[in-house]
1. Report the calculated FRET efficiency for Leu148 and Val311 (r = Cβ-Cβ distance, R0 = 22 Å), to the nearest 0.05.
2. Mind listing the lone cysteines of the chain, meaning no other Cys beta-carbon sits under 4.7 Å from theirs?
3. Please report the antiparallel percentage of the DSSP beta bridges confined to the chain, to the nearest 5.
4. As an exercise, identify the GluC sites (Glu not before Pro) in region 1-65 lying in DSSP coil whose Cβ has no more than 12 other Cβ atoms within 10 Å.
5. Which cross-chain or sequence-distant (5 or more) residues have an amide H under 5 Å from the amide H of Ile251, H modelled 1.01 Å from N in plane?
6. If you filter region 81-153 for GluC sites (Glu not before Pro), then keep DSSP loop positions with at most 12 other Cβ within 10 Å, what is left?
7. With just the Cα atoms defining each centre, how far is region 138-179 from region 1-61? Give it in Å.
8. Counting only helical runs of four or more DSSP H residues, what would the 222 nm mean residue ellipticity of the chain come to if each run contributes -39,500 (n - 2.57) and the total is spread over all its residues?
Amino acid sequence: MGYNKDNYRRIRDEYVNKAALARSRAEERKNELHIRFPELREIDDALAQTGIRIMKAAVEGKKGLEDRIAALRREVEALRGARDDFLRMQGYPEDYTDIQYECKKCCDTGFLEKGMCTCMKRALILAGYESSGISTLMQKQSFENFNLDYYSKNDKYHANMKFILKTVRQYAKDFTTDKARNMLFLGPTGLGKTHLSTSLAKVIIDRGYDVVYESAQNIFSDFEYDRFKSGYSEDRSGGRASKYLECDLLIIDDLGTELSNQFTISCLYNIINTRINREQSTIISSNMTQNDLRERYADRITSRLLGEFKVLFFMGEDIRAQKLR
Ligand SMILES: Nc1ncnc2c1ncn2[C@@H]1O[C@H](COP(=O)(O)OP(=O)(O)OP(=O)(O)O)[C@@H](O)[C@H]1O
Ligand SMILES: [Mg+2]
Ligand SMILES: [Zn+2]
């Protein structure tokens, strides 16, 4: 399972810097106090010495070791007590020179013994919203505000949409990278194809997967950029379009609105075929009918779209128009 690799690298670096900054800030506070209060420096020096003495005690032999260590421990405690008292008297909190990590659980390492700390998971999820391309849409569109009443004028449409909603929610819940599960959302404008795509994307990003959402048009222009305008000769070697081949779930919206030509068709074939071969999931939305698809794209594309994708037909009355009433 994969958080977006670039996000992961960037956030891991941010954690390293964050932890280093927390340590250097604590060091600064300590130095500043040592300059102001030489008596505090003496206490700190003594504390540092006891650390060394404990290590020495350990190599001096087993006889009476426990007593020697216990005595040193008492000394440390007395020094710490004196230090706390001194700081308090000067009007500083006792932990003034402690390292103030943003996350106390992982000390800004991002990791615990058991695995990734929740703070780093959260940072990766927030970054995932951004890199998915739908952070603003996701704030407005969710399973929670997907209302089936908009389809209730017609029983068949209502039942159909209820089934689609259930299927899509289940898809989001069960999503894994073990096996490709593809869906094709077909239907006229304003029926919730994009709404359900963003809703499921959010759930899947929250579950820690790398999701990319983009319109067909923009996907093709990214491939075009890589091919003709940048130094990348192979679209797999990096560049703008590599994310479409690499992400765990790719959502292609509005297929059919692009200006179709040989290049876009070969791109589409490349995306679909590569992802199917690598068992990576893809969801495609389109206003086109199955016949439109057959006419517009080569057989090798449509046979994959209609054979390897679960087709869901959106039916109803344009919700954009209903909302205007
Ligand atoms: N069931 C629903 N409940 C509430 N709002 C909805 C529902 N379905 C769609 N909407 C809203 O209606 C508008 C149009 O929906 P959406 O963009 O999902 O349609 P679409 O099927 O993707 O249309 P198009 O084919 O034109 O892209 C959006 O603002 C969306 O949030
Ligand atoms: Mg749409
Ligand atoms: Zn943490």
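Every read-out reported here was derived from the displayed coordinates using simple, explicitly stated rules and does not represent laboratory data. Worth saying up front: this structure is predicted, and the values here are computed from it rather than measured. Ideal geometry is used to build each Cβ from the backbone, glycine not excepted, and the neighbour counts take in all protein chains shown.
1. Working: r = 20 Å, r/R0 = 0.93.
Computed FRET efficiency for Leu148 and Val311 comes out at 0.60.
2. Cys107, Cys247, Cys267
3. Bridges in the chain that DSSP calls antiparallel: roughly 10 percent.
4. For GluC sites (Glu not before Pro) across region 1-65 that sit outside H, G, I, E and B with at most 12 neighbouring Cβ atoms in 10 Å, the list reads Glu60.
5. Sorted by chain and number, the residues that satisfy this are Val212, Tyr213, Glu214, Ile283.
6. Working: sites: Glu94, Glu102, Glu113, Glu130, Glu144; in loops: Glu94, Glu102, Glu113, Glu144.
Answer by residue number: Glu113, Glu144.
7. About 51 Å separates the Cα centre of region 138-179 from the one of region 1-61.
8. Numbers: 13 runs with 187 residues, N = 325.
-18500 deg cm²/dmol, from helical runs alone.
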